[in-house]
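Novice: Here it is, the structure, as structure tokens.
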Amino acid sequence: MSETTSKPRRFQIDFEPIGRRIEVEQGSTLLNAAQMAGVDLVSICGGIGICNSCKLRLMEGRCSSPTSEERDMLSESELRSGFRLACQAIPESNVKVDIPSESLSTPQRLQIEGRMAETALDPAVVACDVHLTPPSLEDLRSDLSRLRQSIMDQFANPRIGIEMAKALPTRLRDFEWQARVALRGSEVVGVLPLETRLMGLAIDVGTTKLASYLVDLESGVTVAKAGAMNPQIAYGEDVISRISYANTQQAGRETLQVKLIEALNELIDTLCQETEVERDQILEAVVVGNTAMHHLFSGLPVRQLGEAPYVPVVSESLDIPATNLGLLLSPGAWVYLPPNIAGYVGADHMALLIATRLYEKDQIVMAVDIGTNTEISLAVNGRLLCCSCASGPAFEGAHIRDGMRAASGAIERMQFIDGEVRLQTIGGTPPVGICGSGILDAVAGMLNEGLLDHRGVLQGKNRRIQSMDGKEVFVLSPAAENGHERDIVVTREDVNEIQLAKGAIRAGMDILLEEADLEAKDLEAIIIAGAFGTYIDIESAIRVGMFPELPADRFQQIGNAAGAGAKNLLISKELRYVAEEIMGQVEYIELTTRTDFQKIFMERLYF
């Protein structure tokens, strides 16, 4: 009697916000999967379930029932919310998990630096020091009347919001009737001890990453900065999937907003701890993001962003009390959101225009902010043309077989030197995957070596071209040399993801040039912004056809321009007026309505 043994089932594990995926055999724990994938989970007890350091949250799929160890370590509320111990949970299907920051031993690299144009200091919030006479039986004026009368010589008809009014009596008495009053226009937004510095907050809410900056409003100096992953990644990698989640899940939009606000409050905590600044000192915030992030942050509906013709609820700038959003700043603080340009070109691109002063250029200049959604603007002869390209998440390492976001062990640079592969990883550690700049280098290098044809198909003879699961792959890092003892490879499908991304970006650039009756050679400068744009090799980008063949000195990589623009807007009222003017001047080109877009896109797919 013969026995047949069935092949063990394999499940895909998706670790967010790292963006790392791996297949494991049935019976492996999530901790085993993380270790094989090179995801550095904290595991203080060594995986025996007597600590909760490897805690993560199950977002999609099924795992084994909670063990007795998990019931000891996790509360009933946590278990109901999907939290598990990675060392105990065994996947029973494909799963997606969200890893809290405290469960990761290695932080991801976050691009928060950006070039900031010199800006005259003209903040929306200014200080006024007051020395008040305490109330007495002979002087029964209210606290607010007493305060208003002391500052009316400098500020006409000062007023105060209800949240600030609640804090006023305690503060005036604690400060013995001497205080530094912060005013936004004629509104009192802060009452602080004398000589306290007034602070502001600039925030760039990216689809993938968050960047925050604490700025001294009296000097314009950035005193601290911090970054984090956008926790909404656990609910969808890109804007479209998050819009879908918001529209289809019960309280989906509220969930996305709460998760984002919680993460921002954690960043604010980090900034305050680093600088010994009190939250009450933060009196103004400027928040930028693409239109979907703008709406999800401010609590606006996003259904219409997912349906043609993809229009925002509001294009004009917004001023929202921080308390209404749940941001833990001064009780009187306000949040300013710059104008959106279109459904898929938001306040973050407006901030880029401000940071680069693109509207003032007397050259022919193109600005490209590369991300999951790439925004492109062209300045020519006083005109500003703009479009948005769905470049996809490949540059974040998503949809790449061994892709990952920019964390320790990610291959970020690759070159062929005398026919041999040379790799550089983030942190100099053994490779565990490949991030966006690395996959771009790999594709460019394979093209230079003749290992890819113009369609992106592997060709030629090379010892690194091997067969895997019946398909040819290029082995970037053999198992014996990397950090998780499995070949790290580039597949035909990976190359195709890069083709789709670079094809969309280049098609957008071509159409803007065509609208202006220009050719690529007419461009005097190309400004490249965004986290991915900071780290890419320009030669590689040109080689794959993402950018036109122009001299290297015409390219400028400026980092997080959206964050820099947010800081500009934080310290300058004048630039807020400029943003309103720009909104009415930008000529937005909707690529999907162009009859020639598909043809240009298809042409740009090829190498």
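Just so you know, all these numbers are worked out from the coordinates, no wet-lab data involved. Since the model is a prediction, treat every value here as computed from it, not as a measurement. Here the Cβ positions follow ideal geometry from the backbone for every residue, glycine too, while neighbour counts run over all protein chains shown.
Novice: Mind running the shape call on region 364-471? Use the C-alpha gyration tensor, a ≥ b ≥ c as the square roots of the eigenvalues: rounded below 1.5 for a/c, prolate if a/b tops b/c, oblate otherwise.
Specialist: It is prolate, given that a/c is not under 1.5 and a/b is the larger ratio.
Novice: With an 8 Å cut-off on Cα pairs and a minimum separation of 6 or more residues, tell me the relative contact order of the chain in percent.
Specialist: 14
Novice: What number, in percent, do you get for the relative contact order of region 199-337 if the mean sequence gap of Cα pairs under 8 Å and at least 6 apart is divided by its residue count?
Specialist: The value is 25 percent.
Novice: So the label point goes 7 Å from the Cα of I542 along Cα→C-beta, right? Which residues of region 498-529 then have their backbone N under 15 Å from it?
Specialist: 520-528
Novice: Let me ask another. Among R357, R20, R455, which comes first, then next, by fewest other beta-carbon atoms within 10 Å?
Specialist: Ranking R357, R20, R455 by Cβ neighbours within 10 Å, fewest first, gives R455, R357, R20.
Novice: Going by how many other Cβ atoms sit within 10 Å of their own, how do D596, D139 line up, fewest first?
Specialist: With the fewest neighbours first, D596, D139 line up as D139, D596.
Novice: Report the full-extension gain for the segment E176 to Y606: residue separation times 0.36 nm, less the Cα-Cα distance, to one decimal in nm.
Specialist: 147.6 nm
Novice: Further, regarding this structure: Could you give me the ³J(HN,Hα) list for region 154-171, computed from phi with Karplus coefficients 6.51, -1.76, 1.60 and θ = phi - 60°, whole Hz, x at Gly and Pro?
Specialist: 9, 9, 6, 6, x, 10, 8, x, 5, 5, 5, 4, 5, 7, 4, x, 5, 5
Novice: Also, quick follow-up: If I take R0 = 45 Å and measure r between the Cβ atoms of E76 and R10 in this structure, what FRET efficiency does the formula 1/(1 + (r/R0)^6) give, to the nearest 0.05?
Specialist: With a Förster radius of 45 Å, E is 0.90.
Novice: How would region 10-103 be classified by its alpha-carbon gyration tensor: rounded, prolate or oblate, with rounded meaning a/c under 1.5 and the a/b versus b/c comparison settling the rest?
Specialist: Rounded, because the longest to shortest axis ratio a/c is under 1.5.
Novice: Within a 10 angstrom radius of the beta carbon, how do H294, H349 rank from fewest other beta carbons to most?
Specialist: H294, H349
Novice: Mind checking which aspartates and glutamates have their C-alpha under 12 Å from K166, skipping anything on the same chain fewer than 8 residues away?
Specialist: Counting by Cα, and skipping residues close in sequence, K166 has these aspartates and glutamates nearby: D143.
Novice: A further question on this structure: What nm distance separates the two modelled labels at S68 and A120, each placed 7 Å from Cα along Cα→Cβ?
Specialist: 7.4
Novice: OK, next. From the helices alone, meaning DSSP H stretches of at least four residues, give me the mean residue ellipticity at 222 nm for the chain, per-run term -39500 (n - 2.57), in deg cm²/dmol to the nearest 500.
Specialist: Result for the chain: -9000 deg cm²/dmol, rounded to the nearest 500.
Novice: Do any cysteines in the chain lack another Cys Cβ under 4.7 Å, and if so which?
Specialist: Within the chain, the cysteines lacking a partner Cβ under 4.7 Å are C54, C63, C87, C128, C272, C386, C387, C389, C435.
Novice: Separate question: For L476, which sequence-distant residues (separation of 5 or more, or a different chain) have an amide H within less than 5 Å of its own amide H, given hydrogens modelled in the peptide plane?
Specialist: Under 5 Å from the amide H of L476 lie the amide H atoms of I488, V489, V490, each far enough along the sequence or on another chain.
Novice: Could you work out how far helix 492-515 tilts from the main Cα principal axis of the chain, as a 0 to 90 degree angle to the nearest 10?
Specialist: Once rounded, the angle reads 50 degrees.
Novice: May I pose another question? Among all the lysines, which ones have a C-alpha under 23 Å from K521's C-alpha, if same-chain residues fewer than 8 places away are not counted?
Specialist: K361, K502, K599
Novice: Quick one: check the C-alpha center-to-center distance for region 448-477 versus region 361-392, whole angstrom.
Specialist: 34
Novice: Okay, moving on. Strictly over 25 Å apart at the Cα level, which of K55/K209; K55/K567; K96/K225 would you flag in this model?
Specialist: From the list (K55/K209; K55/K567; K96/K225), the Cα-Cα distance tops 25 Å for K55/K567; K96/K225.
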